[in-house]
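What follows is one structure encoded as structure tokens, with my remarks underneath.
The values are calculated or read from the model by the stated rules, or taken from the named source; none is laboratory data. The structure displayed is predicted, hence computed values, not measured ones. With ideal geometry, Cβ positions are generated from the backbone for all residues, glycine too; neighbour counts draw on all protein chains shown. Just so you know, the surface numbers come from the protein's heavy atoms only, side chains and all, with ligands and any DNA or RNA stripped out. Shrake-Rupley method; radii C 1.70, N 1.55, O 1.52, S 1.80 Å.
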Amino acid sequence: MDFDVEIQPVTADDDMLRSVLADADLPPLLPALAAVTGDLTMLRDDLHLDPLHMQEPQGGWTDEQVATARELAFEAIRAYRDGGSRPAPSPSGDDLGRILSWMAGTELSGTYLPMLTEELATGAADLRAPDWLKADIAPDRDFRVAVIGAGMSGILAAHRLEQAGIDHVVFEKNPAIGGTWFENTYPGCRVDVMNHVYCYSFMQKHDWPQYHSSQDVLLDYFTSCAETWHVPDRVRFDTEVTAAVYDDVTCTWTLELDTPDGDQTLEANVVISAVGQLNRPKFPDIDGRDSFEGDWFHSARWNHELDLDAKRVAVIGTGCSATQFIPHVAEQASELTVFQRTANWLVPRPEYQQELPDELLWLFDHIPGFSNWYRMRLFWRTHEGALPALVVDPDWDRPTEQSVSALNQELRDLLTLYLELEFADRPDLLAKVVPTFPPGAKRVVVDDGTWARTLKRDNVSLLTDDIDCITPTGVRTADGVDHDVDVLIYGTGFEASHFLTPMKVVGRRGIDLHAHWDGNARAYLGVTSPGFPNFFYLYGPNTNIVINGSIIYFSECEVHFVTQCIRYLLEHDRNAVEVKAEVHDAYNERIDEGNLQMAWGVSGVNSWYKSESGRVAQNWPFSLLEFWEQTREVDPDDFHVV
Ligand code: NAP
């Protein structure tokens, strides 16, 4: 896979330029052209990008503003072409700040600028790479890191460790790279975040085939990244870490491994768990589940051998996974019965399954840095995105299950209108699909009209009755009706709150991590817990996002912090760092307060964001910038240093 954009000189005539610009996304194009020409005057005040309208096409500009912007873009590309397609030196300092601020529609200052500069990563810059080498700071020290998992986070950790010259090994239970994108192969599986932001900041890919690529394309992307970094050479595939045990005397971890050659052990100074949150399939606790005599499987373990043609199929669940595969099953099955416990909010996204248009690809190929600015504008749009609409207004007087603020109600009205339009001809279905919780209390489902089209099919029934039990022949609902089927598919999600299970982790003085968490996983900065020195998590407790940002950004921040901890150990010739309990507890109090101010924290609806105790164990309630800030540097005062 080629990650570099091979920029070609502009030779197109004026007519061709005008046709390329006819539907171009202008808010990211003008910053790119300002950067490439060095002429910042095109970023005019009368083309202010209002942050309140940033989700709208062309940033909510009027037709007149769009025409002005298009003309400015045309003149700039023409001048660039006529000047021999020679880009100006990359902007930096104040100029870069000005371009970023214009793109954001607000004066950016402080840490925003370094954070966004890292994300922009023009010229494939890798500004989050470690700027230190073990060979320089601790050349003679034996030091080894074990990474558990070779998915999106694990391969990133391995790459950063390699860049710093740290000896490491990665254990992967599967036979290949990819984690969730390796395991989830169900039909229709695709990323519900725009692809240009769902990639590493320093390994940006511009020529995605679609705005939201399918699983095979994503698996190929992550595999190619890993291969580019030679990560597979450091991975022990088909090897599951069953336990990690800390030795208080040597300050090392012993990993117990289930390998193709039998049980083994390995010692490491630091362990990085990159096992993900959404990878252990969850089956519902429904009576009679084992009695079903037909074929059955979970969405994350799709049975591709089983032909669903002309079969009677039942699906339990209507979350993000199920809404992706149900349309495909509906095309094959003779009858499809969908069991929905909770209706989800649909977010309309017409381009969800569309291919990138040639005009956009032309701009990526001919305007240096445009693909970075395109990604940057998406990053900015999604970065806090609709988050303010999910914040609880304590004075809001409507029931929490309806909305949590005036803005949240506005969002609810918009999303309800979408459902009313989609199901206008089917009031029976409309009554079933309007959610009874505030937008943002659960993950939204991205939709391009497929969901309504599917549910309206003659061979599809949407049932909202409670499930009483599973019988040898199908599913019995609470009204006593038996729904007999040949195949039962569980789209029932993952054991998300059971972080790190089924691995046993034993820390200082024999503390068991799962006993310590007691079903309520917590961590400091999402990456480490008191009692577990030198043990770090990626995508750990309270590092998930609901409606804004991309989880890859979080992994990049977390890996940066963990490598900073390793650097600290090496630079100061220390054996271990362990977060202080009081620091961890104060941090988590703040996280809990933050989550209680969000729609997902106050709503009583079912969701995988909560542990059994009802605490939100998954989500990060604050801004993306704040996560970046808190993972920048290690404060030794926060840790016991051994
Ligand atoms: P999920 O969101 O947890 O959905 C599970 C579904 O099963 C829900 O509809 C749930 O109903 C239902 N269910 C569970 N137990 C049940 C029971 N006992 N009886 C009836 N229904 C039951 O799982 P998911 O759809 O696999 O998605 C998990 C997360 O993975 C997503 O939120 C998303 O973050 C990620 N994901 C991402 C993508 C993507 O990017 N393309 C795709 C898929 C998943 P309730 O709602 O009532 O609990």
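Applying the criterion of being away from the ligand (no atom under 14 Å from the Cβ) and of a type outside the set (D, E, K, R) to the residues of the stretch 217-229, the residue that is most open to solvent (accessible area, probe 1.4 Å) is Thr228.
Among the candidates Arg412, Arg377, Arg381, Arg398, the residue that is farther than 26 Å from Gln215 by Cα and assigned to a helix (DSSP H, G or I) is uniquely Arg412.
Quick grid of which residues meet (1) in the same structural domain as Arg234 (by TED's automatic domain parsing); (2) assigned to a helix (DSSP H, G or I); (3) over 20 Å from the mean Cα position of the chain (by Cα); (4) of a type in the set (Lys, Arg):
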{"site": "Arg98", "(1), (2), (3), (4)": "no, yes, yes, yes"}
{"site": "His168", "(1), (2), (3), (4)": "yes, no, yes, no"}
{"site": "Phe182", "(1), (2), (3), (4)": "yes, yes, no, no"}
{"site": "Gly188", "(1), (2), (3), (4)": "yes, no, no, no"}
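For the stretch 312-354, a residue qualifies if it is part of a strand (DSSP E or B) and open to solvent by 20 Å² or more (accessible area, probe 1.4 Å), and the qualifying residues are Arg312, Glu335, Val347, Pro348. Checked against the criterion of being within 13 Å of the ligand (Cβ to nearest atom), outside any strand (DSSP E or B) and surrounded by 15 or more Cβ atoms within 10 Å (Cβ to Cβ), the stretch 466-478 has no qualifying residue. Hey, any hits in the stretch 411-420 for a residue that's within 16 Å of the ligand (Cβ to nearest atom), aromatic (Phe, Trp, Tyr) and in contact (Cβ under 8 Å) with a residue 24 or more places away in the chain? No - not one qualifying residue is present in the stretch 411-420.
Just one of the listed residues (Thr492, Thr501, Thr543) is hydroxyl-bearing (Ser, Thr, Tyr), open to solvent by 10 Å² or more (accessible area, probe 1.4 Å) and under 18 Å from Gly149 (Cα atoms), namely Thr501. Here Asp248 clears all of (1) over 30 Å from Gln324 (Cα atoms); (2) open to solvent by 60 Å² or more (accessible area, probe 1.4 Å); (3) under 30 Å from the mean Cα position of the chain (by Cα); (4) in contact (Cβ under 8 Å) with a residue 40 or more places away in the chain except the condition numbered (3).
Residues of the stretch 265-285 that are within 9 Å of the ligand (Cβ to nearest atom) and either touching a Ser or Thr at 6+ places or on another chain (Cβ under 7 Å) or outside any loop (DSSP other than H, G, I, E, B) (or both): Leu278, Pro281, Lys282, Phe283, Pro284. Of the residues Gly288, Gly294, Gly262, the single one that is open to solvent by less than 70 Å² (accessible area, probe 1.4 Å) and within 16 Å of the ligand (Cβ to nearest atom) is Gly288. Collect the residues in the stretch 618-639 that are assigned to a loop (DSSP other than H, G, I, E, B) and away from the ligand (no atom under 14 Å from the Cβ), keeping them in residue-number order. Those that are assigned to a loop (DSSP other than H, G, I, E, B) and away from the ligand (no atom under 14 Å from the Cβ): Pro621, Phe622, Ser623, Thr631, Arg632, Glu633, Val634, Asp635. Out of Ser201, Ser214, one residue alone is open to solvent by less than 30 Å² (accessible area, probe 1.4 Å), without any contact (Cβ under 8 Å) to a residue 60 or more places away in the chain and of a type outside the set (D, E, K, R). It is Ser214.
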